[in-house]
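The values are calculated or read from the model by the stated rules, or taken from the named source; none is laboratory data. Note that the structure is a prediction, hence the values are computed from the model and not measured. Here the Cβ positions follow ideal geometry from the backbone for every residue, glycine too, while neighbour counts run over all protein chains shown. Protein only, heavy atoms only, side chains kept; ligands, DNA and RNA dropped before computing areas. Shrake-Rupley method; radii C 1.70, N 1.55, O 1.52, S 1.80 Å.
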Amino acid sequence: MSDCLFCKIAAGEIPSNKVYEDELVYAFYDIDPQAPTHFLVIPKAHIGSCGEISPENSAVVAHAFEVIAQVTKDLGVTDFRVVSNCGEQAGQSVHHLHFHVLAGRDMTWPPG
């Protein structure tokens, strides 16, 4: 999708701080981190949100979670949260499926 921010990042048209890349997914550090470790994993193929996952594209989602498992191990992270917002009212600001991976602080509720 030509006007999609994350498609442009995955294509190398917009710079990012890359964590991981292969033929299916791209991972990069969040520009506004909400935890000491905060990166995103996106499929290179445009999928708008979790609401657009289908039998035809679900393999890339499974692969994204394999990548999350490997990257967190590589970073020495054992406790982490994976978040994907689906739709504007849920907080999705970029309409390209992405998984936030956050770690390095207490995320239990209530805190403490």
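Against the main long axis of the alpha-carbon atoms of the chain, helix 58-75 sits at an angle near 40°. The GluC sites (Glu not before Pro) of the stretch 23-110 that meet both conditions, a loop assignment by DSSP and at most 10 other Cβ atoms within 10 Å of the site Cβ, are Glu23, Glu56.
For the chain, a Gaussian network of Cα nodes joined below 10 Å ranks Ala90, Ala59, Ala45 by mean-square fluctuation, and the top entry is Ala90. Can you give me the convex hull volume of the Cα atoms of the stretch 3-101, divided per residue and expressed in Å³? Here the figure is 101 Å³ per residue.
The residues of the stretch 1-77 expose on average 56 square angstrom of accessible surface per residue, using a 1.4 Å probe on protein heavy atoms.
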